[in-house]
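First up is the structure itself, then whatever we jot down about it.
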């Protein structure tokens, strides 16, 4: 099997390596000539056997849009585009519409695993036509972790289902991280009593109800910095967490822990909180409670 | 009517003034001789007609406990103690048990109104024996706002009911403040579009669904500092908010907005968040996402 | 002053009455001939002096879209359309673009006050060009409550600012309602101690920190049904609450109480919760805890 | 090694089996003679070599209190009591005080693993004097999972540290479960798009960021009942979740996801929500919105 791969950043280049290790031929293109196998998208396309398969692994949004548009112009009927980036599932519908007008097929693939995917394999959730999913199964089999296929791969439905599943996956991920984080703070706060916070997390790795891969990563982090004093509690968030909330709102699904997780990240990035200024101002107004002056 | 009043801080001294303005005779005692009417509790007690009524207005917890204990030793059967401080309602049971052994009656009075109470009157929620509540009604009538008695005063039940009502009142208050505060931040954040944040709050004072006294106070605060840039978003919390959550947990009552309000205050007082350090560490571990170094 | 008014439902017909009571001439149109003053939009337009002012008061979304489109075709340059419905502020940009191509001006007006507006007046938040806002000020003055103009009306900014303010108003409103509701449940749950729940709310109306119009409405509700046993805890939500969350997410504003309020409404409408089925299933799996069978 | 074990319910009897499989001699006592090895606590004590070790595995609270009290009377100086139940860590202080007066040592052991512990081993978090912890390490080694000791066991600090760690463990557990549960509902709700909900969870078991033991249990549950239609979304909660919130409040630690998880359980057990009745009543009052009559 021989596929094209557009986007050779951290994720894309690792995936190229894993695919090649599994015997899949990959022609990778990136704007950065240092990592690109070919000089242009055209050259990449020309290198591929027909029907062609092009895996897109670029930032979601406008960049993915423009790559899909370019491919819709340059590929032929019967070819296949797989969007493995973190696109919003609603964008899949647009991308599929555009490509299907040219007879080009489309698969959306949610990919989980981060920097560990190269070694461990990537969890895959895909949406799209069954015939094409079956045709490129060697690619999915190369990327996914070892073990039974259905424990690391799912054909979740038609176009959009893969990224929908990945979006929900990330929403859950946010809340899982926040859960451990609240636990960390509770343990830290009583370090007068609980003398070994890193050891406690370490001991949860076997036998307990809370054991998980994220827990193992937290143990690794605490191995490196046992009270996390070297880093700031400043946390970015990406599109998928936000979309999960929006989709929940759209479908009247209560998501208190997922939303709490994303709000905690918002707060973590604020130098000062306008909302809490307002609360401080109110307390001062009715109770004469002192406020901290901003210049303090 | 002539009563004793122990505790002449901001609240106590205002209440003394309001009571005297209404024709109630008050003998006030405070450890601070500058504000005290008498030199000792004994002197205060000696000044009162029998059956005596002593209103206690000191900080909740150990100080209130010790004052109640002292009164249990110095008052006589048939006398009455009113705890108007912010005691936990469960403490009322202890105080009442102690006093009732001597035949001394007890009323717990939740008092709301802050620094505005002197002028506007205080909202009162009381618990205790009906006979005594009726006997000291002139005191309650003097303290409560003008208007129908039942719009500023309630005899909510037996001992403990007054402080229970006040506790819930304060839990609600926390969430109300947070609600306006979130709205303030939403308006501030889009000041590119919404050009007049103080004017918007001001315009909500009549006709809207969100009009309230707290809104009026926020308008006052914005009159003084139109973007609240002079104060920090640092907010203390008092016992009553915490007790509300604990009581909710005890009784299996879901209180998502009240708890969110108190958690927001906790966060507002943190220099850095241990929990968010943990989340940052996790993101770094699985995704290679950059972390902010603490020394930045 | 003489204006057209499209949409004579509960809100629209009350507004027509209030405007007429204040001496504003109104030609109202509704699809329902029983309440309409004229037989058609054309007839309504023909009745108006130039430059014409047409107030649109129809359901947000497609119906408002179609009315605005019709007006864009039938009005002339220099005329003015005011959308007083609950439109999303982002729709205002679209509406304004459409109308401005014909030289027609546009004002978005957030209107608060519900069924009480006829009597009390409506809180108004408007966005749009100052010249036009000034021109139709008699209309706003007729609709808003008595008292200083700036306590019931704000010109909050350019087009969209009015509905943005109204959206945030409604987000706050959701959280305020939830706050009182949590308090109600806390009081009800301890009715063994707190014997007079309606009386407690009633007593909060004067002097307390939590006094508000919503509190007064809750007192009214409890006057009619003192434990609310006659109604179900089933609560709809409208667009504005949802949009508030979406806008908060978009702008990285933490809104824990507003989101908690909307999630509580979602849950209130579920016969059973898929999420809680999953939690029950998990407890059963790891702990052997009994589950309730669905047919129980 | 030979120890006594009081309490042979589901957990206790499984632990006895696991201990015996590892060569630890166990004399178990339970009020139920069908499972008990001996007829009385006295007989159990008499069977043990000195210094004696008695593991207590009975319900937390009054029952544990009475067992500890009985042991304080019947054991000798130098003996050891281990409380492996779900006691509140603050009770450990009381139990330790009582026992230490007699020179009896005390270890608190948080035990995680549920019904799977027999087969997989139990995660252990213990608090108490190092000398005693070292002495009974063969017992801990027998109970904990295979693998490195520090991945399934921690000596977390002095008395109380073990149950504190277990309490926080359970708080985290609540939030983790809720996170997956919200994800389940999000997937279910869009089953028009995402056709294979159980397959999606199954596919998350390898390679993804959200892989965990709880996820594997959810996969098991969905294998048995693919849409969970057979069970009700009704979920109990135990002391440890509640204590986590109370401890968080006590220490000013924000725990939005843990509290959201417990509130969701509270709601799941309500036939109708008093709070949402109040919200429905308020909407009806200000907007004339219809309410559902309770008899509907």
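Some notes on this structure:
- Which numbered condition residue B:207 fails, given (1) surrounded by fewer than 24 Cβ atoms within 10 Å (Cβ to Cβ); (2) part of a loop (DSSP other than H, G, I, E, B): (1)
- Condition check for residue B:156 on (1) free of Cβ contacts under 8 Å to residues at least 40 places away in the same chain; (2) under 20 Å from residue B:64 (Cβ atoms); (3) assigned to a helix (DSSP H, G or I); (4) in contact with a helix residue (DSSP H, G or I) (Cβ under 6 Å, 6 or more places away or on another chain): one failure, at (3).
- Residue A:186 more than 9 Å from chain D (Cβ to nearest Cβ) and either more than 23 Å from residue A:217 (Cβ to Cβ) or modelled with pLDDT of 95 or more (or both): no
- Odd one out for residue C:149 among (1) assigned by TED's automatic domain parsing to the domain that holds residue C:11; (2) in contact with a helix residue (DSSP H, G or I) (Cβ under 6 Å, 6 or more places away or on another chain): (2)
- Filter result for residue C:218 (surrounded by fewer than 24 Cβ atoms within 10 Å (Cβ to Cβ), more than 7 Å from chain B (Cβ to nearest Cβ), assigned to a helix (DSSP H, G or I) and at pLDDT 95 or above): no
- Members of the stretch C:1-33 that are in a strand (DSSP E or B) and either modelled with pLDDT under 95 or closer than 13 Å to residue C:84 by Cα (or both): C:4, C:5, C:6
- Within the stretch A:83-128, tally of residues that are touching a helix residue (DSSP H, G or I) at 6+ places or on another chain (Cβ under 9 Å) and not in a helix (DSSP H, G or I): 26
- Residues that are more than 9 Å from chain B (Cβ to nearest Cβ) and buried (at least 24 other Cβ atoms within 10 Å of the Cβ), drawn from the stretch C:120-134: C:126, C:128
- Filter pass, residue B:207 being within 11 Å of chain C (Cβ to nearest Cβ) and farther than 29 Å from residue A:268 by Cβ: yes
- Selection of the stretch D:23-42 for residues being farther than 25 Å from residue C:284 by Cα and surrounded by 14 or more Cβ atoms within 10 Å (Cβ to Cβ) yields D:24, D:26, D:27, D:28, D:29, D:36, D:37, D:38, D:41.
- Residue list for the stretch A:270-296, filter: over 19 Å from residue B:177 (Cβ atoms) and within 7 Å of another protein chain (Cβ to nearest Cβ): A:293, A:294, A:296
- Of the listed requirements (1) in a helix (DSSP H, G or I); (2) not assigned by TED's automatic domain parsing to the domain that holds residue C:258, residue C:184 misses just one: (2).
- For the stretch B:135-150, the candidate set comprises residues that are in contact with a strand residue (DSSP E or B) (Cβ under 9 Å, 6 or more places away or on another chain) and more than 12 Å from every other protein chain (Cβ to nearest Cβ); within that set, the residue that is farthest from residue B:110 (Cα to Cα) is B:135.
- Subset of the stretch A:189-204 [facing chain D (nearest Cβ under 7 Å), part of a helix (DSSP H, G or I) and surrounded by fewer than 24 Cβ atoms within 10 Å (Cβ to Cβ)]: A:189, A:199, A:202
- Criterion applied to A:284, A:251 was being free of Cβ contacts under 8 Å to residues at least 40 places away in the same chain and touching a strand residue (DSSP E or B) at 6+ places or on another chain (Cβ under 9 Å), and the one residue passing it is A:284.
- For the stretch C:221-243, a residue qualifies if it is touching a helix residue (DSSP H, G or I) at 6+ places or on another chain (Cβ under 6 Å) and more than 7 Å from every other protein chain (Cβ to nearest Cβ), and the qualifying residues are C:222, C:226, C:237, C:240, C:241, C:243.
- Pairing each residue of the stretch A:221-237 that is outside the structural domain of residue A:192 (by TED's automatic domain parsing) with any residue that is surrounded by 14 or more Cβ atoms within 10 Å (Cβ to Cβ) and assigned to a helix (DSSP H, G or I), provided the two are 6+ apart or on different chains, yields no C-beta distance under 8 Å.
- All positions within the stretch C:221-238 that are assigned to a helix (DSSP H, G or I) and crowded, with 16+ Cβ neighbours inside 10 Å: C:221, C:222
- Scoring residue B:212 on the criteria (1) within 12 Å of chain C (Cβ to nearest Cβ); (2) closer than 27 Å to residue B:87 by Cα; (3) out of contact with any strand residue (DSSP E or B) (no Cβ under 6 Å at 6 or more places or on another chain) leaves a single failure, condition (3).
- Total residues in the stretch D:36-82, condition without any contact (Cβ under 8 Å) to a residue 60 or more places away in the chain and part of a strand (DSSP E or B): 5
- Yes/no for residue D:19 being more than 25 Å from the chain's Cα centre (by Cα), closer than 28 Å to residue D:146 by Cα and in the same structural domain as residue D:77 (by TED's automatic domain parsing): no
- Qualifying residues in the stretch D:248-266 (those that are facing chain A (nearest Cβ under 7 Å) and within 17 Å of the chain's Cα centre (by Cα)) - the one surrounded by the fewest Cβ atoms within 10 Å (Cβ to Cβ): D:258
- Any hit, the stretch A:112-119, residues being within 7 Å of chain D (Cβ to nearest Cβ) and within 19 Å of residue A:1 (Cα to Cα): no
- Hits in the stretch B:266-292 - residues which are in contact with a helix residue (DSSP H, G or I) (Cβ under 7 Å, 6 or more places away or on another chain) and within 27 Å of residue A:285 (Cβ to Cβ): B:267, B:268
- Among (1) farther than 20 Å from residue C:186 by Cα; (2) part of a helix (DSSP H, G or I), the one test that residue C:270 misses: (2)
- Some residue of the stretch B:162-169 being more than 7 Å from chain C (Cβ to nearest Cβ), surrounded by 24 or more Cβ atoms within 10 Å (Cβ to Cβ) and not in a helix (DSSP H, G or I): no
The values are calculated or read from the model by the stated rules, or taken from the named source; none is laboratory data. Please read all numbers here as calculations on a predicted model, not as lab measurements. In this analysis, Cβ positions are derived from the backbone assuming ideal geometry, glycine residues included, and neighbour counts consider all displayed protein chains.
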